[in-house]
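Asker: This is the structure I have questions about; it appears just below.
A short reminder: the numbers here are calculations on the coordinates, not readings from a lab. Just so it is clear, the model here is predicted, and its values are computed rather than measured. Cβ atoms come from the backbone with ideal geometry, glycine included; neighbour counts cover every protein chain shown.
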Amino acid sequence: MNHVILTVAMLFFTAAAYSQDGKDIYMKYSGKEGVSAVYISPSMFKMIGKIPDIHLTQGNMNLAPIVKSLDGLYLIDSGNSAVNADLLSEVKKMVSSGKFELVMQAKEDGETMNIYTLDDGDTVRSFVFCAVSEGECTFICLDGNIPKAELEKLMASAMAEQ
Amino acid sequence: MAKNEYDIAKMPLPELEKMGDDASVIVPADLKEDILSEIAASEILSEKSVETVERHHRRFVLGFCAAAAVTVLFFVMDDMGRPKDTFDDPLTAYVELERTFQYISDKMRPGVEKVDELSRVIEKSGAVLGKVTDNR
């Protein structure tokens with residue numbers, strides 16, 4: 001009986017040590033003052049994927065190849081200084097779990113931007129973007145099974161737009 | 001085992017019966033009690049080992065059920081904590097998704113442009129160095 005209790009206790013500790021993800025950060029900050037939040041669920045992505053020829057009706061960016069591979073979009077845009085420091089700290093905790101890789105960092109005009117990805121071979125399981133400037137902090141997390149090649153193509157085409 | 005015991009173990013039953021009838025063979029006084037207590041001890045041991053195996057099986061099954069219950073509870077709680085969609089309309093959600101990607105690429109552009117510029121400089125330097133080494 002003692003062994004069973006010990007096993008259950010160990011399982012609870014494991015669950016408690018479960019690392020943060022985009023959803024946890026979204027849930028924590030989405031209701032705060034001065035914070036704009038956007039969440040798109042897996043079901044909504046499925047519905048988006050069913051809209052015929054959507055990339056022809058909306059702008060020039062073709063998101064159709066990756067829409068079906070997305071599980072969630074979490075966006076937090078904060079103009080609340082008190083929230084910004086806390087949010088940044090949570091994002092750092094999330095990406096320092098050891099599984100995320102810093103793929104890009106840029107600093108310009110007082111703004112720091114970091115991009116992290118969690119890869120599984122040729123698939124991006126999580127894409128995290130964080131931009132911090134004076135008085136503003138933006139956190140974007142895309143979860144799914146995104147083919148790396150498609151994501152790179154999309155970013156390249158988006159940059160070529162302008 | 002002593003030699004006599006080994007021989008007795010190999011002897012056929014009729015010969016053993018003949019030995020039993022032979023009055024000259026000395027039988028230890030407490031042989032019967034020894035045999036009975038050995039039988040009783042081995043019976044107790046076999047009961048205990050069955051009990052131990054059953055106890056281990058019970059523990060394993062209980063532990064597995066507890067782990068399964070905790071895992072299921074964890075996933076149910078995780079699912080219950082899902083936020084609500086910001087948009088009701090998939091088209092609006094798509095527009096927001098496109099805006100998000102555009103925003104990310106706008107932020108990435110200065111860094112990517114600098115890398116492109118640097119790679120052009122490196123390429124030019126490589127070409128100049130190539131000419132210098134060719135002329136030597």
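Asker: Which loop GluC sites (Glu not before Pro) in segment B:1-72, with loop taken from DSSP, have no more than 13 other Cβ atoms within 10 angstrom of their Cβ?
Answerer: Taking segment B:1-72 and a limit of 13 other Cβ atoms within 10 Å, no loop GluC sites (Glu not before Pro) are found.
Asker: Here's a follow-up. Against the longest principal axis of chain B, how steep is helix B:90-135, in degrees 0 to 90 to the nearest 10, with axes from Cα atoms?
Answerer: Tilt relative to chain B: about 80 degrees.
Asker: Follow-up. Once you order the gyration tensor axes a ≥ b ≥ c over the Cα atoms, which shape class does chain B get: rounded for a/c under 1.5, otherwise prolate or oblate by comparing a/b with b/c?
Answerer: Oblate is the answer for chain B, as a/c is 1.5 or above yet b/c matches or exceeds a/b.
Asker: Mind checking which of B:F60, B:S37, B:F75 is farthest towards the positive end of segment B:29-83's charge dipole, using Cβ charges of +1 (Lys, Arg) and -1 (Asp, Glu) about the Cα centre?
Answerer: Farthest along the dipole direction, towards plus: B:F75.
Asker: Let me ask something additional. Let me spell out the model: positive unit charges on the Cβ of Lys and Arg, negative unit charges on the Cβ of Asp and Glu, origin at the Cα centre of the protein assembly as shown. What dipole size does that give, in debye rounded to 20?
Answerer: Dipole about the Cα centre, nearest 20: 1080 debye.
Asker: What is the sum of charges around A:S133, taking Lys and Arg as +1, Asp and Glu as -1, for the other residues whose C-beta is under 12 Å from the C-beta of A:S133?
Answerer: Net charge in that neighbourhood comes out at -4.
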